[in-house]
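First comes the structure, then the notes that go with it.
The values are calculated or read from the model by the stated rules, or taken from the named source; none is laboratory data. Model, not experiment: these values are computed from the prediction. Here the Cβ is made from the backbone with ideal geometry for all residues, glycine too, and neighbour counts use every protein chain on show. These accessible areas exclude ligands, DNA and RNA; they are computed on the full protein's heavy atoms, side chains included. Shrake-Rupley method; radii C 1.70, N 1.55, O 1.52, S 1.80 Å.
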Amino acid sequence: MGEIISSISGVMYGYILIILLVGCGIYFTIRTKGSQFRLKSQLKCVTEKPKDKKSVSSFQALMVSTASRVGTGNIIGVSTAICMGGFGSVFWMWIIALIGGASALVESTLAQIYKRKGLNGCYGGPAYYIETGLKSRWLAIVFSVLLILTYGVGFNMLASYNLQSTFETFSFYSKDSTPWIIGAIVAVLVGYCLIGGGKRIIKVTSFLVPIMGVAYILIALVIIFMNVTTLPSVFARIFTEAFDFNAIFGGFSGSCLMYGIKRGLYSNEAGVGSAPNAAASALVSHPVKQGFVQTLSVFIDTILVCSATAFMCMCSGVEASESISGAQYVQASLQATLGGFGPIFIVVAMVLFAFTTLIGNLFYVDKAIIHIFKKEPNKIVKIIYYILFSGVILVGAGLNSPVLWDVSDIFMGLMTMINIPVIIILGKYAFRAIGDYVRQKKQGLTPTFLAKNIGLPHKVDYWQGEESEDNSADEKVMEEQTDMAN
C-alpha cells in the first residue's frame, strides 16, 4: 500500500502539479503585473484595523493562515527536501514561493469577494467561490471534504509525528511508548483550544506565531553569522545543483526540482485553497487588501522561515544524507554549531510550530464542516468531531513517516487540482479588483470596494453598499434559520 501511495504521489508531483503550479503562477504574475512583489502595500494592509473592534483584523487572519503555513514543514519538510533532493531543492522552494505569491493574492482576493455573512462575523473560502461563482454545489462539497481529509487528517497526523520525532535524541525516548504519550498530551491541549471555539484559536495563534517566528529567525541568523565563511560555497552549491538538469531529468522522482516543489507547496500552501478560508474571515474595506496580506504570509513562510532552516543546516558543515533526514539532520546541524543547546531549541521550536499548525489546520476544518451542512453544528456535534480529530493527532504520533508524507501530499495535490482551475476561471474578477485598488491608490484615496465596480454578475453578501449589506445580512440569517428548520 505504501508503494502504491508513493507512486500516485510521484505522478501527481512529477507531472500534473508542476504544470499547474508553475504555469498558473506565471500567468497570475503577468496578469497582476507582479502585484505579489508590492511589499509596501502588503505591510501597510496588515497593520490596518477594522472599524468593528470585535471583528477579525487583517493581522489576526494573517496569523491564522501563517499558523497553518509556518509549521513542521518549515523544519522537517525543508530538512527532508535537502537530504533527499539536495541543496538545489532550496532554490526551487524559492521559485514556487515567488510565483506562488500571485496565486495566493488571487485566491484570497476571491475569498474576500465571495465571503458570506454569518451570525459571528464573515466567513468563506474556495468552497464558497466555487459554489457562488461556478454555481457548482457538488464540486464545492468535494473540495470541503478534501480540505477536511488534508488538514484534519493528513497534515495533522504528519505534524504530530514530526513533533514527537524531535524527542528521539533524548535518553528517555522509547519507540514503543514515547510517541503515544507525546501524542496524547498534544491531542488534549489542542482539544482544549478547539472547545474554546474560533476566537480562542485566533487568540492563541496571534500570540504564539509572531514570538515563534522571530525567535526562530534570530537563532538562524546567529548560526549563519557564526558560519559566515561557508555562505559563498553554500550559495554556489544551491545554484549548481538546482540547474543540474542531468540529475533532475535522469531521476525525476527524486530530483531537487520535485522535492523543492513538493516541500515548498506543503510549506507555503500557495494555490492549495487553504489560506483563503482564513482570509475571508477578516473585515476589510477592499478584498485586495487581504489578498496582499496573504501574499505576505507566503513570503514569511518560505523566503524567511524555510530559508532560515535551510541555511542553519547547510552552513553547519554536517553533510545531508537520506540516513539522517528529517529532525535528525536539523538537530545534528544545530548541535555542530550550538552544542547541547541546539537540539533543545529545535524541540521547543517544533512544539510551538506543530501546535500552532494543528490549531490553524482545524480552524479550516471547522469552516469546511459548516459549509457542507450549511450551518454551524450544535455544541454536542462539535465536541464529538473535536474528539475525533484530536484522536487523529494521537494516532499520527505513532505511525510511519514516509507514508504520512505521501498521504498528505496526495490530499493536498487533489485540493490544488480543483482550486487552481477554479481561480483561473474566476480570476478575471480578482484582476479587476486589483485594478480598482491600484486606481484608487493612485488617486490618493483609501481603497473601498463595490461589486458593481468590477461588473460582478453573482450575488454576494458584502460589497453592495451599506444598505444592501444590512438587508443581505437579514436575508442570510433568515436563510440559515430556514436551513436549520429543514
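In what order, largest first, do 406, 176 sit by accessible area if the probe radius is 1.4 Å? List each step's numbers first, then the result.
Working: 406 25, 176 135 Å².
From most exposed to least exposed: 176, 406.
What are the residues whose amide H is under 5 Å from the amide H of residue 118, where those residues sit 5 or more places off or on another chain and H is modelled from the backbone?
123
With only alpha-carbon atoms counted, please give the Rg and Dmax of the range 265-402, in Å.
According to the Cα coordinates of the range 265-402, Rg and Dmax are 18.8, 55 Å.
Just how far, in whole angstrom, is the range 310-388 from the range 145-199 if you go by their alpha carbon centroids?
Going from one Cα centre to the other spans 8 Å.
Please calculate the 1.4 Å probe accessible area of residue 153, with all protein chains present, and give it to the nearest 10 Å².
Ignoring ligands and nucleic acids, residue 153 comes out at about 40 Å².
Among the trypsin sites (Lys or Arg not before Pro) within the range 299-394, which fall in a DSSP loop and have no more than 13 other Cβ atoms within 10 Å of their own Cβ? Present the calculation step by step, with values, prior to reporting the outcome.
Values: sites: 367, 374, 375, 379, 382; in loops: 374, 375.
Loop-located and lightly packed - 374.
Using every alpha carbon pair in the range 350-441, what percent of pairs falls into each 5 Å bin from 0 up to the bin containing the largest distance?
Taking all Cα pairs of the range 350-441, the binned fractions are 3, 9, 11, 17, 17, 14, 12, 9, 5, 3, 0 percent.
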